[in-house]
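Before any comments, here is the structure.
The values are calculated or read from the model by the stated rules, or taken from the named source; none is laboratory data. Predicted model, so just to flag it, every value in this text is computed and none were measured. Here the Cβ positions follow ideal geometry from the backbone for every residue, glycine too, while neighbour counts run over all protein chains shown. Accessible surface areas use protein heavy atoms only, side chains included; no ligands, DNA or RNA. Shrake-Rupley method; radii C 1.70, N 1.55, O 1.52, S 1.80 Å.
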Amino acid sequence: MSAATMTAPRLKAAADEGRIGVRANLRHIGALVRRNALQIRQDPESMFDAVLMPIIFILLFTYVFGGAIAGKGHQHDYVQHLVPGMMAMMGMNIAMAVGTGVNEDFRKGVMDRFRTMPIARSSVLIAKIVVEIGRMLVATAILLGMGFLLGLEIKGSMLAFLASIVLSTVFGAALMWIFILLGLAMKTPQAVQGVAMLVLMPLQFGSSIFTPTTKMPGWLKGFTEVNPLSNLADAARALINGQGPVAHPTLITLGWAVAITAVTMPLAVAKFRKKT
């Protein structure tokens, strides 16, 4: 088979992509979302992280560290601090799965099928984002359900409570583009997970998610103040507990989300186009 024959499908797909309208693009995204959802249905174990991680972490931190941080017998107070912070953590951990999923699709040859299809390359990535947002909302719902069982109270308004969920989801969706880019750049899913954990651990534990920053040493406190997870945790905590500054951490979180998306999404799409 000649080189011209081999490259013909790719050139045709690229030419057709330029003629794809918004309605057709949305239809392609919907079809790909359905494909990814069916994969989850056929492989329920892929939901274990979204289902089990919130339960394990909230029980672990509440009963192992809650007494030490909030004082013996005051775990209820710690739940009010922990659960809103863990909403930020859920988004970041679920976002990591997008990168490994994209990497596996390339390794399994799934992306070879997309090369010959007249679809926008961005629709493949957007469909993954949509499905992972769904997984993120499932994880958040389980986290909040466990929080209510352990005594979490919504002290703010219901609208503010919903706003905290939306804010966490928006920031988590922005983080997904980082991990998609990482999944496209690394050679194996294990490499993606390894590098991701090197980023996740300092950001999660060097934040206000688990402990108040007032109890941290000065050098670490300075890091937590610029850590976007701290701002998200503080914003969600203020919205749910109905006290503390809301506008500043919320605006900072949204600013981070916009900046991350603006930088990493074009890079991820360009990298994806190059690989396909």
The range 25-38, subset open to solvent by less than 80 Å² (accessible area, probe 1.4 Å) and of a type outside the set (A, V, I, L, M, F, W, C), residue modelled with the lowest pLDDT: N25
Boolean, D112 is of a type in the set (D, E), at pLDDT below 90, open to solvent by 20 Å² or more (accessible area, probe 1.4 Å) and assigned to a helix (DSSP H, G or I): yes
Count of the range 151-195 residues which are among the hydroxyl-bearing types (S, T, Y), under 14 Å from the mean Cα position of the chain (by Cα) and open to solvent by less than 20 Å² (accessible area, probe 1.4 Å): 1
Hey, V199 closer than 17 Å to I94 by Cβ, assigned to a helix (DSSP H, G or I) and modelled with pLDDT under 85 or not: yes
Failed condition for A160, given (1) assigned to a helix (DSSP H, G or I); (2) modelled with pLDDT under 90: (2)
Pairs where the first residue, in the range 21-44, is farther than 13 Å from I126 by Cα and the second is assigned to a helix (DSSP H, G or I) and among the hydroxyl-bearing types (S, T, Y), C-beta under 7 Å, 6+ apart: I40/S46
Some residue of the range 245-262 being within 26 Å of V64 (Cα to Cα), at pLDDT below 90 and open to solvent by 70 Å² or more (accessible area, probe 1.4 Å): no
Selection from the range 205-240 of residues that are surrounded by fewer than 19 Cβ atoms within 10 Å (Cβ to Cβ) and either in a helix (DSSP H, G or I) or touching a Pro at 6+ places or on another chain (Cβ under 7 Å) (or both): F205, T213, T214, K215, G218, W219, L220, K221, G222, F223, E225, V226
